[in-house]
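Below you'll find the structure, written out as structure tokens, and then a few comments.
The values are calculated or read from the model by the stated rules, or taken from the named source; none is laboratory data. Predicted, not measured: the structure shown is a model, and the values here were computed from it. FYI the Cβ positions are ideal-geometry reconstructions off the backbone, even for glycines, and counts take in every protein chain you see. The accessibility values were calculated without ligands, DNA or RNA, using every heavy atom of the protein model including side chains. Shrake-Rupley method; radii C 1.70, N 1.55, O 1.52, S 1.80 Å.
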Amino acid sequence: MVARDRARRLQAEGRDIIDLTAGEPDFDTPKHISEAVAAALAAGETRYTPVNGTITLRKAIVAKLAREYGVRYELDQIAVGCGAKQVIYNALAATVGEGDEVIIPAPYWVSYPDMVLACDGTPVVVPCGETAGFKLTAEALEKAVTPKTRWVILNSPCNPTGAFYSEGEMRALIKMLLRYPQIALMTDDIYDQIRFDGGAPVCPTALEPELGGRTLLVNGVSKTYAMTGFRIGYGAGPRALIAAMNTIQSQSTSCVSSLSQAAAVAALNGPQDFVAEALAAYRQRRDRAVELLNRVSGLSCQTPDGAFYVYPSCAGLIGKKTLEGRILATDFDVVMYFLDAAGVATVDGAAYGLSPYLRLSIATSIDKIDEACARLARSCAALN
Ligand SMILES: Cc1ncc(COP(=O)(O)O)c(C=O)c1O
């Protein structure tokens, strides 16, 4: 990402930059999880595992899905990959070819459209504006459907907006999808444990078992347990799809690191105190960031339902002139201005398919959020 690279370069040059571009938790991995790696190493768990993951890990995943979503999967309906990223890629690579369309609500996680393109498919991006809570409606979905539609990808809570589909919203989408049996549904639930509403998770296959035959639930341990470097993600879905994904994985990466799989078992089966503690910290940071950003002239910020990002609109800054006489014409210009004038690194909404917005990560300390917002306020006040 251009802004992130420039921020790192400025930091290397000794500039004081507050980096709010991180897409990963700032917490350490819980100790019992790291200890599970040492134990696996000591036990000699250093060999190839089955392509689709160890039986112990798949059992832990099946148990999590039953416990939290109330859905039942068998072990051969689970695929384990190098992060949710590889699971999503394998699913698309196994099913998407030239001419196939994949519906992606925007703002979206940056990798979806590029992965579809890498599989020779066509991303069909559906803008989901702020008034719709940055969420896909059944009407907007239906308008985007064509005979070539192969998949719809939903990410809830969403990176970058934090938007979370309520049960009612999910039911409306399900009702529509039931009329189009050729369309498969992928739900990227990687932020499922970082939700501020306190309500129950919303799982489409629990709400409508009929969708089970064409839905892939994607998840992982990266965000929930601060384990991004372990590279463990998983998918749960119909047997034929999982088998096709495993065929691809078997000829690309064989399997995921045996030690990381042992760590993921400890994460899923072990104590969950960390999850609640991290959530409480994210909530505090979210509330502070939203409050402070809404005081900055030119920015306005909705309160996200989940994940660890805020996505303020910078429409009020577009057209403003910097002290050097440069006009801020796009959200990318705003990002560069904030980087140079305030020493705060953010990401432009254009990267996520919906402008003019900024993504700020709150996976950082309250002190940094305070300081960053104070700097943004000063640099906005200096605009004409
Ligand atoms: C929405 C979303 N999906 C998937 C991923 C990939 O996660 P993993 O580390 O499991 O590959 C990310 C990581 O940023 C993400 O934000």
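I'm trying to understand the selection: among the residues of the stretch 269-304, which are open to solvent by 30 Å² or more (accessible area, probe 1.4 Å) and among the small types (Gly, Ala, Ser)?
Listed by number, the residues that qualify are Ala276, Ala280, Ser297, Ser300.
Considering only residues of the stretch 164-193 that are of a type outside the set (Asp, Glu) and within 11 Å of the chain's Cα centre (by Cα), which is farthest from Leu20 (Cα to Cα)? Steps first, answer last, please.
We begin by selecting, within the stretch 164-193, every residue of a type outside the set (Asp, Glu); these are 164-166, 168, 170-187, 190-191, 193.
Those still in the list that are within 11 Å of the chain's Cα centre (by Cα) too: 187, 190-191.
On the way: Thr187: 26, Ile190: 20, Tyr191: 18 Å.
By that ranking, first place goes to Thr187.
Just the residues that are in a strand (DSSP E or B) and farther than 26 Å from Glu24 by Cα, please, taken from the stretch 283-326. Give the derivation first.
Narrowing the stretch 283-326 to residues in a strand (DSSP E or B): 300, 306, 309-310, 313, 321.
Passing the criteria: only Lys321.
Yes/no per residue for (1) polar (S, T, N, Q); (2) assigned by TED's automatic domain parsing to the domain that holds Arg286; (3) under 30 Å from Ser361 (Cα atoms); (4) touching a Gly at 6+ places or on another chain (Cβ under 9 Å):
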| residue | (1), (2), (3), (4) |
| --- | --- |
| Val202 | no, no, yes, no |
| Glu210 | no, no, no, no |
| Ser222 | yes, no, yes, yes |
| Gly229 | no, no, yes, no |
| Ile232 | no, no, yes, yes |
| Ala240 | no, no, no, no |
| Ala243 | no, no, no, no |
| Gln249 | yes, no, no, yes |
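I'm checking my understanding of the structure. Among residues of the stretch 13-24 that are within 11 Å of the ligand (Cβ to nearest atom) and open to solvent by less than 40 Å² (accessible area, probe 1.4 Å), which one is modelled with the lowest pLDDT?
Ala22
Being away from the ligand (no atom under 16 Å from the Cβ) and open to solvent by less than 10 Å² (accessible area, probe 1.4 Å) is the filter here, so list the residues in the stretch 206-224 that pass it. Break it down into steps so the answer makes sense when it comes.
So in the stretch 206-224, the residues away from the ligand (no atom under 16 Å from the Cβ) come out as 206-215.
Once the filter is applied, which keeps residues that are away from the ligand (no atom under 16 Å from the Cβ) and open to solvent by less than 10 Å² (accessible area, probe 1.4 Å), the stretch 206-224 yields Leu211, Thr215.
Here is a list of conditions, (1) buried (at least 20 other Cβ atoms within 10 Å of the Cβ); (2) more than 13 Å from the ligand (Cβ to nearest atom); (3) not acidic (Asp, Glu), and Gly99 meets all of them except one; can you say which number that is?
Every listed condition holds for Gly99 apart from (1).
Please indicate, with yes or no, whether at least one residue in the stretch 315-327 is buried (at least 22 other Cβ atoms within 10 Å of the Cβ) and touching a Pro at 6+ places or on another chain (Cβ under 6 Å). Before you say what the answer is, go through the steps one by one.
At the first step, the residues of the stretch 315-327 found to be buried (at least 22 other Cβ atoms within 10 Å of the Cβ) are 317.
Those left that are additionally touching a Pro at 6+ places or on another chain (Cβ under 6 Å): none.
No, because not a single residue in the stretch 315-327 is buried (at least 22 other Cβ atoms within 10 Å of the Cβ) and touching a Pro at 6+ places or on another chain (Cβ under 6 Å).
Among the residues of the stretch 66-83 satisfying the criterion of being open to solvent by 10 Å² or more (accessible area, probe 1.4 Å) and under 19 Å from Ser254 (Cβ atoms), which is nearest to the ligand (Cβ to nearest atom)?
Across the stretch 66-83, the extreme among qualifying residues is Cys82.
Using beta carbons and a limit of 7 Å, which pairs, at least six apart or on different chains, have the first residue in the stretch 33-55 and acidic (Asp, Glu) and the second one in a helix (DSSP H, G or I)?
If the second residue must be in a helix (DSSP H, G or I), the pairs left are Glu45/Ser258; Glu45/Leu259; Glu45/Ala262.
Return yes when Ala266 is among the hydrophobic types (A, V, I, L, M, F, W, C), touching a His at 6+ places or on another chain (Cβ under 8 Å), within 30 Å of Ser365 (Cα to Cα) and open to solvent by 10 Å² or more (accessible area, probe 1.4 Å) and no when it is not.
Working: among the hydrophobic types (A, V, I, L, M, F, W, C): yes; touching a His at 6+ places or on another chain (Cβ under 8 Å): yes; within 30 Å of Ser365 (Cα to Cα): yes; open to solvent by 10 Å² or more (accessible area, probe 1.4 Å): yes.
When the stated conditions are applied, Ala266 passes them.
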